[in-house]
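Laboratory data are not the source of any read-out in this text; all were calculated from the coordinates shown. Only a predicted model underlies this, so the values are computations on that prediction, with no experimental measurement involved. Note that we place each Cβ from the backbone using ideal geometry, even for glycine, and neighbour counts take in every protein chain shown.
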Amino acid sequence: EAKKRGKNQVVFFSSQQNESIEYRLFVEQGLYNAIVNQDLYASFQPIVDSEENIVALEALCRWNNIDIGHIHPESFIPIAEETGLINALGLKMLREVCIANVLLREAGMSHIKLHVNVSILQLNSQVLVDQFLAYLKDFDVSPKDIVLEVTETAMHDNSTKRILRELAKSGFGIAIDDFGAGFASVSELTEPYTTMVKLDKSLAPTGDVTNTRNVIAESLIQLCQKLGKTVLLEGIEKEIQADFARQAGCHYMQGFLFAKPMSLTEAMQRITQKEAQAV
Ligand code: C2E
Ligand code: MG
Ligand code: MG
Ligand code: MG
């Protein structure tokens, strides 16, 4: 049945009908199954320092459907949020990250941190925080090895902030994702739980050195530094963008120029290669 349905849905994925009822139903049913079987998994994108050493891996959710192929997170995360499946998806991703942490440790790469994206809807109850901590305990993973990425718009109400403070107190790193793409609320930078700021790829310069957004990006980087936050520029695709990030004083960088999202095995091979080169 799922198979038949999947085949019939191909058109919806390639057209602009992502909002259609059929698509929603497909995603809802399909996601549920994908969480249970192994069609939903994590891909890992390296995060590098200014010398291009890999310091962390960001887990990005991937859904590979047998009938349709690869489905992008941007088209299923919102539906997962609306249907409540985001909690199961989020725990699945946390599990992937815990397993990755164990494997990294076993390979002598315990210095590599793991980032996981967290939806605001996962942060609306204490139960979830307890569940998170229980999960980590099961895998014997320290929250200090994990950075939770939360988008800036997600950080508005007080109960969310309370939960984030709680998570930070437990040892998790908290990164504001896509900073500068939305409201770029400076008040979020004043929160002690914010350990890292990920500047949105729209702030990465395109070429012109006197560009207004370079001025904005540079000022934001300085602001974050003065406030003691770790700063990262996302979406780096070109050498000039990497140069800009380095000159402006970004601690970390991420983007296709350095590495695309990949399997954990590939990421570990990369880390080994990099570290061999550095010796
Ligand atoms: P994000 O967390 O900001 O992740 C960065 C996105 O930019 C990823 O897309 C990544 O593949 C892409 N990217 C990385 N480097 C470059 C680059 O140099 N150029 C360009 N053009 N893109 C680059 P992806 O994997 O499609 O994920 C999209 C968004 O979906 C993520 O944005 C995140 O908000 C959300 N997402 C992904 N996985 C999860 C998850 O497990 N849970 C939740 N709640 N959201 C997730
Ligand atoms: Mg992210
Ligand atoms: Mg981002
Ligand atoms: Mg994003």
Taking a label point 7 Å from the Cα of residue 134 along the Cα→Cβ vector, which residues of region 92-109 have an amide N closer than 19 Å to it? 92-99
Residue among 100, 134, 267 with the largest mean-square fluctuation in a Gaussian network model of the chain, springs linking Cα atoms under 10 Å: 134
If the elastic network links every pair of Cα atoms under 10 Å, which of 186, 150, 231 fluctuates the most in the Gaussian network model of the chain? 186
For the chain, calculated [θ]222 nm from helices alone, where every DSSP H run of n ≥ 4 adds -39500 (n - 2.57): -15000 deg cm²/dmol
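Which GluC sites (Glu not before Pro) does region 196-260 hold that lie in a coil by DSSP with at most 16 other beta carbons within 10 Å? Please list the in-between numbers first.
Values: sites: 218, 234, 237, 239; in loops: 234, 237.
Filter output for region 196-260: 237.
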Apply the Kirkwood formula to region 188-279: the hydrodynamic radius equals the inverse of the mean of 1/r over all pairs of different alpha-carbon atoms; give it in Å with one decimal. 14.3 Å
Once both labels are modelled 7 Å past Cα along the beta-carbon direction, what's the residue 161-residue 202 spacing in nm? 2.4 nm
Helix 86-106: inclination vs the chain longest Cα principal axis, degrees, rounded to 10, gives 60 degrees
Past 28 Å, Cα to Cα: identify those pairs from 92/113; 201/229; 137/260; 144/274, in the order given. 137/260
Once both label points are put 7 Å beyond Cα along the C-beta direction, the residue 186-residue 88 separation in nm becomes 4.4 nm
Could you list 194, 206, 160 so that the one with the fewest beta carbons within 10 Å of its beta carbon is first and the one with the most is last? 206, 160, 194
What shape does the chain take by its C-alpha gyration tensor, where a ≥ b ≥ c are the square roots of the eigenvalues and a/c under 1.5 counts as rounded, a/b above b/c as prolate, and the rest as oblate? rounded
